[in-house]
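In what follows, a structure is listed as structure tokens, so that the remarks can point back to it.
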Amino acid sequence: MKERFLFPHRFRNVSGLIFLLSLLLLTVFVIDSDLFSKINPEMPVFAIAGNGQPVYGEYSETIILSTHWFKFIYNETLDEVLFILLIISGIVYAFSKERIEDEMTRQIRLESLAWATYFNYFILLACYLLFYGLPFLYVLMIAMFSNLLFFIIRFRWSVYKYNKEFNEEQIKN
Amino acid sequence: MTQAELSEKVNVSRQTINALELGKYVPSTVLALKISKVFGKTVNEIFELEDSD
């Protein structure tokens, strides 16, 4: 049977490393964004909608807070870079083939994906009722990749469990 | 035949063969047919329905 929608096994470890690193950096960045101020360049970006200083037009203290539509504005770009790294490496890591990819890993993957989706929305519903106002932005930020994260944890744990059972069985025989 | 030899012949991991033997994994029709080919028996001679199926 053909393996569809999966990346080659050789991508797995390196994407896992990038995923962990960008998750770590993003966490530090959210806790204390000043720490990275030197490597957080302000760049002109095209925004469908965004707050900030417009590239074309006069500088104004009050205009920063109004929303600009379909305009170039200045924006600090480190969080965008980290998020892109996090999502891409997370997708590749989550959907890289195992060393031996067979129908059982396919089933474990499918079950883990279903489980992660249920779990993710359960947590999201709970957060909806527990976070209000600006702190809810943190929930939204985490929700961008939480499904992927829960899937990765659940899938790796299931594979580990199968391998452990297998090893115990080998010792017994 | 060892689990390792069988797993190589039917192109799955040893873990999968082990889980099959332990009754923790139900193979697809394709895998069941491949295994039956290796042993030169029919699928019915190797696998059977359980009460819960």
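Does residue A:46 fit the bill of being in contact with a Phe, Trp or Tyr (Cβ under 8 Å, 6 or more places away or on another chain) and in contact (Cβ under 8 Å) with a residue 40 or more places away in the chain?
Judged against the criteria, residue A:46 is not a match.
Looking only at region A:11-25, decide whether some residue is open to solvent by less than 100 Å² (accessible area, probe 1.4 Å) and more than 30 Å from residue A:107 (Cα to Cα).
yes
Does any residue of region A:94-103 turn out to be without any contact (Cβ under 8 Å) to a residue 60 or more places away in the chain and closer than 19 Å to residue A:163 by Cβ?
So far as region A:94-103 goes, yes, one or more of its residues are without any contact (Cβ under 8 Å) to a residue 60 or more places away in the chain and closer than 19 Å to residue A:163 by Cβ.
Can you tell me how many residues in region B:10-45 are open to solvent by 60 Å² or more (accessible area, probe 1.4 Å) and either away from chain A (no Cβ under 13 Å) or under 9 Å from the mean Cα position of the chain (by Cα) (or both)?
11
Can you list the helices (runs of 4 or more DSSP H) found entirely within region A:61-173 that contain at least 1 residues being closer than 30 Å to residue B:33 by Cα and open to solvent by 100 Å² or more (accessible area, probe 1.4 Å)?
It comes to A:103-128, A:146-172.
Identify all residues within region A:144-165 that are among the β-branched types (Val, Ile, Thr) and either within 15 Å of the chain's Cα centre (by Cα) or away from chain B (no Cβ under 14 Å) (or both); write none if there are none.
Within region A:144-165, A:152, A:153 meet the criteria.
The values are calculated or read from the model by the stated rules, or taken from the named source; none is laboratory data. Worth saying up front: this structure is predicted, and the values here are computed from it rather than measured. Here Cβ is always computed from backbone atoms with ideal geometry, including for glycine, and neighbour counts include all displayed protein chains. Side chains included, ligands, DNA and RNA excluded: accessible areas come from the protein's heavy atoms. Shrake-Rupley method; radii C 1.70, N 1.55, O 1.52, S 1.80 Å.
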